[in-house]
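Have a look at the structure below before the remarks.
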Amino acid sequence: MLPKPDANFLLEAFLSDPGEAVIGFGLDGVIFLWNQAAEALYGFSQAEVIGKSVSCLLPLYELPAYEDLLRNPSCKEPLVDAMAERLNRNGLRISVQIQRSPVRGTQGEIVGILERAHALAPGSSCSVAEAHLRLLVEQIPLFFWTTDLRLRVTSHWGRTASLARSFPRYPVGQTIYQYLRCQEDGEAPAKQHFLALRGVSSRIEYASRNRIYDLSIGPYRDPQGTIIGCIGMAQDITERKKTDDEIRFRASHDGLTGLANYRAFFESLEHEVRRAERTRQSFALLLLDLDDLKSINDRFGHLAGNRALNRLARVMKEHCRGTEIAARYGGDEFAILLLDADGERAENVAERISTCLRSQTDSPTLSVSIGFSVYRDDGLSAPELLEAADKRLYQSKKSRTSVEHKPDKQHTESART
């Protein structure tokens, strides 16, 4: 069914420039309006095209853009003096300059699209090249804009769907502050636009409304090389950043417990040693060994052993500050880096972890051997601190073993009697 546009609108279309080809098509792509200039330009008579799809005039590469236009006509700006290609009756491409605007019904609703066109001079190869370039820009996942010397947006083009949540849909005439939602001259990315006016190009990451963008901003020059404004480009890299963060996390964390791995822990330990050398503040290192993990694996299975490791990891995280590092140091070995801590705090944390594990009702019951060292008291380098903590850990494990194997006094006396 053909749309019913406003009568005044149709009259205005027919009374426009008689040399201008005017066609109208509904949101289903079916042509309902075709003047004599369109017949002369494209070679189709009115009877041949009325009720037919507008796709008969479009090169294949323009079909995706037109399908998007018909699906979302209200999201598209009116097109003025754009270069494009159309197919004539013989299937040959002709270069045209087009203007495109919405057709509204009697209630003001959009019921179709009106396209005015006139032929470009033969051999206008740069016009065709421009049409291809614009089409290419519209389909790549980038967004471009230009400004004048007062930092008001003078043009914008590119793919807007992925940027609509963070950038205004129709920014021409807005200041760069309104467009990129920044407040101060010294704040990114306004700062980078001022640098561009001085001939300096910049590239930054910019976060806006839970999205992250890669922005490139540089000077916009006329053919003589004079700076007449800025040109910017944005690419949404939110998903890529998430992937990068996930890769970095996996590279620096234990896959089972989610704690830092040995490499990340040792790097943090060396960093803390360097910081302590400058600030003269102490810190503590705890080494923990989950007791009898092999026995748990043998009696209950490796899944139970994994659950035991995770139970210890959760207790460690509960007793660490947000800025401190908890790590799985080896198979059943763990470590904690306590910042701005002395021996007393190290002992308190160790006791709380041991008590928390013993008080758990989960099976099997867990216990942990712990050794600690304190910067400057026990060593001035990462290897020295690890060695001191490891010695105390060995003493703790040895003490626990001797207590477990110490014979009961009453049982011994009874045996002698």
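Listed values for the range 336-346 are Karplus-derived 3J(HN,Hα) couplings in whole Hz (6.51 cos²θ - 1.76 cosθ + 1.60, θ = phi - 60°), namely 9, 9, 9, 7, 6, 10, 10, x, 5, 5, 4, and x replaces Gly and Pro. Identify all aspartates and glutamates with a Cα-Cα distance to K294 below 19 Å; exclude those on the same chain that are fewer than 8 residues away in sequence. Counting by Cα, and skipping residues close in sequence, K294 has these aspartates and glutamates nearby: D332, E333, D362, E404. Straight Cα distances below 18 angstrom link K241 to the aspartates and glutamates E205, D214, with same-chain residues fewer than 8 positions distant left out. If you find the alpha carbon centre of the range 36-66 and of the range 21-35, how far apart are they in angstrom? After rounding, the separation between the Cα centres reads 8 Å. Packing, taken as the mean count of other beta carbons within 10 Å per residue, orders the peptides 204-211, 178-185 from highest to lowest as 178-185, 204-211.
Taking Lys and Arg as +1 and Asp and Glu as -1, the other residues whose beta-carbon sits under 12 Å from that of T279 total +2.
When the Cα gyration tensor is reduced to axis lengths a ≥ b ≥ c, the ratio a/c is 1.5 or higher for the range 249-292, and with a/b not above b/c it is classed as oblate. Report note on the peptides 222-235, 327-340: ranked by the mean count of other C-beta atoms within 10 Å, highest first, their order is 327-340, 222-235. Averaged per residue, the range 291-393 has 50 square angstrom of accessible surface, using a 1.4 angstrom probe with ligands and nucleic acids left out.
For the range 298-376, the alpha carbon positions stretch 43, 24, 21 Å along the principal axes, listed from largest to smallest.
The values are calculated or read from the model by the stated rules, or taken from the named source; none is laboratory data. Quick caveat, the model's predicted, so the values are computed rather than measured. Glycine gets a Cβ as well: all are built from the backbone with ideal geometry, and neighbour counts include every protein chain shown. Just the protein is used for accessible areas: all its heavy atoms, side chains included, with ligands, DNA and RNA removed. Shrake-Rupley method; radii C 1.70, N 1.55, O 1.52, S 1.80 Å.
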